[in-house]
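The structure appears below as structure tokens.
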Amino acid sequence: MGRRATRWRGAIVAALALAGAGIWEGNGTLLLAATLPLSYLAYGVLSTAAVPAALVVSRAVDPTPAPPGHPVTVQLTVTNSGQQTLSDVRVVDGVPTDLAVLDGSPRGGETLAAGESVTIEYTLIARRGEHDFDEPRLRVRGTGVGEVATATRHPEGDDRLVCQLDAKAPPLSDRGTDRVGQLTTDAPGDGFTFHSTREYQHGDPAGRIDWRGYAKRGELSTVNYEQWVSTTVVFVVDARSPARVTAGPGRPTAVELGAYATTQALTSLLDAGHEVGLAIVGIDGDGPAGLTWLQPGDGPNQRSLAVEQLRAAADAAESDPAGGPADEADTQRQFRKVMEMAGPRCQLVLVSPLLDDAPVTAMASWAAFDCQRTVLSTDVTAASTVSGQYEHVRRRTRLARCQASGARTIDWRRGTPLPLILDYAFAVAARQPSGSARLGGGA
Amino acid sequence: MNRRHVGLGIAVLCGLLLVAAGAVIGLIGTPEPAASGPGAAGVLVLLVCVLVAFWKLLRTPDDPAISPSPWAADDGFTREYLETTPTDDAVSGTDLAERVEAAVAKARDDGSVDGSVGPVREPLRATLTEALVQGGHDPDTVKAQLAAGSWTDDPVAAAVLDESVAPPDRPFRARLRAWLFPEKAVRKRCARAMAAVSVAADDALPTVVGQRAPRPVPVVAPAVADLQRAADGSLQRAIDGSIPKREDIEASENGTSEEARVDRDGTAADGATSSESETDGTTLVNDDGTDVTATNGADWGDVTEGRD
């Protein structure tokens with residue numbers, strides 16, 4: 001049942017004015033003219049409105065689950081499955097309050113004949129967590145707009161957007177996650193990527209014989225492939241207060257993005273048989289020097305433990321954006337402790353937005369140890385504003401400083417698919433069986 | 001339901017009575033108005049009409065059966081601004097925005113544009129020096145370049161970063177505008193200096209892996225809540241304060257007017273719109289008006305990128 005609209009109040013006033021003027025002047029034409037606004041009033045009063053049960057709402061959220069920062073498309077469709085034409089149907093979707101509408105609008109309106117439908121489409125930016133949509137509100141107005149009916153409808157389909165650090169978003173699978181974790185070695189052997197050829201030796205498997213070369217030259221040769229070796233990688237996630245910032249309201253924090261990148265990378269590395277450890281700097285942990293520390297290990301249990309700690313870090317960053325007072329000495333003590341705990345044979349991957357100098361200093365201090373160092377920097381600066389561009393230039397300078405200190409430096413700019421960046425970060429890092437690391441490969 | 005019927009009945013009855021009265025008067029013939037004006041009854045009727053009309057216009061219906069106006073606060077359908085997002089997020093890169101605001105406040109108090117950019121000068125100098133040195137330049141050379149203003153082709157930016165560099169002569173129109181609106185002039189100079197610093201740093205700093213990677217994911221268009229409809233129908237950011245494009249800076253090497261850039265891209269004189277042009281060539285920038293600007297206090301604008 002609808003509520004009356006006060007749209008025709010002006011018609012009452014006009015009728016009274018005309019009638020009064022007619023009586024004052026004794027003018028019958030004016031008096032008769034007063035019936036015109038009254039007819040509008042009667043038309044409005046006669047119209048009725050109700051939200052019919054035949055109005056069916058459905059919602060599609062794609063993709064869900066989504067990784068942090070990924071655009072999520074929401075389609076809300078309202079279908080008039082009844083027999084009557086609804087002259088004015090308006091719909092407003094119940095967007096979760098924590099999410100930002102990137103594109104489109106969650107509002108729409110249309111005249112719906114029997115069987116017709118209207119679809120509103122908008123894009124949200126995913127943030128970690130489970131975000132429930134409110135029920136969409138529908139408003140139907142009668143033809144005479146004398147009555148308005150408003151109701152909520154439970155939609156068919158999705159009513160929740162799930163954003164997980166380990167979400168397999170479409171771009172991830174499109175690009176291929178298996179490319180991560182290919183740590184190759186100088187020593188050739190079995191594998192998939194061509195390395196070299198050598199003279200055939202008795203006992204070489206037939207599958208590795210270069211039959212094409214044999215057909216051309218009549219000499220048997222054996223193909224060497226790049227050999228994969230297992231190694232130990234320790235991820236160091238920067239969750240200090242300078243990293244608990246976003247590129248804009250409603251967007252994921254750098255900690256969230258770093259946790260996402262780390263989750264994907266360590267999953268791939270564990271799948272490839274490497275050992276992975278985790279250290280989180282900037283959160284009160286129960287590890288040495290206040291670190292959150294996970295000893296390098298392998299297997300699915302290691303992944304579960306790591307993801308749990310990353311979730312806790314993202315939670316802490318979200319619940320306390322300001323963080324505690326930044327103590328430079330404590331921070332550097334934690335970074336040094338990471339190196340001590342990891343040991344020289346580990347590869348260190350620092351995941352940080354590089355919005356202050358502490359990670360750069362840490363990276364320079366790690367240079368004293370002969371270990372492979374990588375900086376994966378998440379970009380949360382807005383490079384198109386005056387202040388954002390200032391921060392962007394400073395961050396670029398820090399990236400250059402890290403690079404100058406001998407670390408492999410990767411800039412994960414917004415808009416670049418994560419697998420591509422992880423490919424850059426790990427596919428080129430070759431490591432010799434003796435434990436010493438070198439840069440090489442060809443990504 | 002009953003009230004509705006009663007209202008409907010009264011309306012129809014009034015209408016019919018008026019129609020009947022008009023018809024009767026029309027049939028009898030139009031009476032001549034009394035020379036002495038309307039009688040007491042006529043005045044009374046007129047008074048009642050006026051009172052009812054005012055009551056109808058001015059009263060606020062509190063009947064739950066009556067739908068509130070769309071703009072009323074208690075209308076559940078429209079009360080929420082769905083597109084807005086929580087503003088308590090800590091946003092990156094607000095340091096320079098605070099400095100710019102200090103410079104703007106100084107310009108507002110003093111009225112001098114040239115002498116108000118002091119708060120911005122030091123951070124920009126330090127940033128540029130660090131970037132150039134990291135890019136392989138000699139620190140002394142950088143210092144000399146800053147003093148001579150030769151680090152950039154933009155004389156306005158050079159004058160912002162070093163007070164010994166004389167700002168270029170400006171046309172009368174620009175001087176008049178700076179005198180009338182010193183805050184805007186200061187903002188524009190800061191933006192221009194920052195853009196020049198960015199260009200110089202871009203050229204000096206070595207490329208880092210990933211910077212030129214494809215960016216096909218559309219992640220940073222401004223949120224709907226931050227857009228406003230411009231006079232020409234295009235969407236633009238609601239708040240002023242933008243940076244000029246790199247090509248505008250490069251093109252203005254011989255243009256000493258602060259307004260040259262703004263006039264060239266056809267935006268309003270206060271330069272409310274600008275869009276980022278990526279140097280790697282992989283980013284698509286919308287030209288349809290979804291442009292970007294920075295905010296005054298909370299500087300968090302984004303680049304606009306299209307889907308590939």
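The values are calculated or read from the model by the stated rules, or taken from the named source; none is laboratory data. Because the structure is predicted, anything quoted here is derived from the model rather than measured. Positions of Cβ are backbone-derived with ideal geometry, glycine not excepted, and every protein chain shown enters the neighbour counts.
Scan B:Asp74, B:Asp89, B:Asp140 and give me the residue that is facing chain A (nearest Cβ under 7 Å) and either more than 30 Å from A:Ala34 (Cβ to Cβ) or modelled with pLDDT of 90 or more (or both).
B:Asp89
Of the conditions (1) within 7 Å of chain B (Cβ to nearest Cβ); (2) surrounded by fewer than 24 Cβ atoms within 10 Å (Cβ to Cβ), A:Ser405 satisfies every one except a single condition; which number is it?
(1)
Being out of contact with any helix residue (DSSP H, G or I) (no Cβ under 9 Å at 6 or more places or on another chain), of a type in the set (A, V, I, L, M, F, W, C) and part of a loop (DSSP other than H, G, I, E, B) is true for just one of A:Val51, A:Val89. Which residue is that?
Just a single option satisfies the conditions, and that option is A:Val51.
Please verify whether segment A:18-39 includes one or more residues that are surrounded by 18 or more Cβ atoms within 10 Å (Cβ to Cβ), under 14 Å from B:Val52 (Cα atoms) and in contact (Cβ under 8 Å) with a residue 12 or more places away in the chain.
Checked segment A:18-39: at least one residue is surrounded by 18 or more Cβ atoms within 10 Å (Cβ to Cβ), under 14 Å from B:Val52 (Cα atoms) and in contact (Cβ under 8 Å) with a residue 12 or more places away in the chain.
Taking the residues in segment B:20-36 that are more than 7 Å from every other protein chain (Cβ to nearest Cβ) and surrounded by 10 or more Cβ atoms within 10 Å (Cβ to Cβ) as candidates, determine which candidate is modelled with the lowest pLDDT.
B:Ala34
With the condition kept exactly as written, say whether any residue in segment A:356-376 is surrounded by 24 or more Cβ atoms within 10 Å (Cβ to Cβ), at the interface with another protein chain (Cβ under 10 Å from one of its Cβ atoms), in contact (Cβ under 8 Å) with a residue 60 or more places away in the chain and not in a helix (DSSP H, G or I).
yes
Yes/no per residue for (1) surrounded by 22 or more Cβ atoms within 10 Å (Cβ to Cβ); (2) closer than 30 Å to A:Arg244 by Cα:
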| site | (1), (2) |
| --- | --- |
| A:Gly69 | yes, yes |
| A:Gln75 | no, no |
| A:Gly82 | no, no |
| A:Ala126 | yes, yes |
| A:Asp158 | no, no |
| A:Asp166 | no, yes |
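Going through A:Val393, A:Val380 one at a time, which residue ends up being assigned to a loop (DSSP other than H, G, I, E, B), closer than 27 Å to B:Cys190 by Cα and either at the interface with chain B (Cβ under 9 Å from one of its Cβ atoms) or of a type in the set (Phe, Trp, Tyr) (or both)?
Sole residue among the options that is assigned to a loop (DSSP other than H, G, I, E, B), closer than 27 Å to B:Cys190 by Cα and either at the interface with chain B (Cβ under 9 Å from one of its Cβ atoms) or of a type in the set (Phe, Trp, Tyr) (or both): A:Val380.
Pull up segment A:97-124, narrow it to residues that are buried (at least 19 other Cβ atoms within 10 Å of the Cβ) and assigned to a loop (DSSP other than H, G, I, E, B), then point me to the one that is farthest from the chain's Cα centre (by Cα).
Residue satisfying both the conditions and the ranking: A:Pro106.
Determine, yes or no, whether A:Phe335 is of a type outside the set (S, T, N, Q) and either outside the structural domain of A:Gly258 (by TED's automatic domain parsing) or touching a Pro at 6+ places or on another chain (Cβ under 7 Å) (or both).
no
Every residue, every condition in (1) farther than 30 Å from A:Arg160 by Cβ; (2) at the interface with another protein chain (Cβ under 7 Å from one of its Cβ atoms); (3) assigned to a helix (DSSP H, G or I), yes or no:
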{"site": "A:Thr6", "(1), (2), (3)": "yes, yes, no"}
{"site": "A:Leu18", "(1), (2), (3)": "yes, no, yes"}
{"site": "A:Leu30", "(1), (2), (3)": "yes, no, yes"}
{"site": "A:Tyr40", "(1), (2), (3)": "yes, no, yes"}
{"site": "A:Val57", "(1), (2), (3)": "no, no, no"}
{"site": "A:Gly69", "(1), (2), (3)": "no, yes, no"}
{"site": "A:Thr73", "(1), (2), (3)": "no, no, no"}
{"site": "A:Thr77", "(1), (2), (3)": "no, no, no"}
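Restricted to segment B:144-157, and to residues that are among the aliphatic types (A, V, I, L, M) and farther than 15 Å from B:Lys188 by Cβ, which residue is surrounded by the most Cβ atoms within 10 Å (Cβ to Cβ)?
B:Leu146
For segment A:48-62, which residues satisfy the criterion of being in contact (Cβ under 8 Å) with a residue 24 or more places away in the chain, surrounded by fewer than 18 Cβ atoms within 10 Å (Cβ to Cβ) and more than 19 Å from A:Ala114 (Cα to Cα)?
Correct list: A:Ala60 only.
I'm told B:Ile10 meets every condition in (1) of a type outside the set (Gly, Ala, Ser); (2) at pLDDT below 75; (3) within 52 Å of the chain's Cα centre (by Cα) except one. Can you identify the failing condition by its number?
Result: B:Ile10 passes all but (2).
Being of a type in the set (D, E, K, R), within 12 Å of another protein chain (Cβ to nearest Cβ) and surrounded by fewer than 17 Cβ atoms within 10 Å (Cβ to Cβ) is the requirement here; does A:Asp93 meet it?
Answer is no for this residue.
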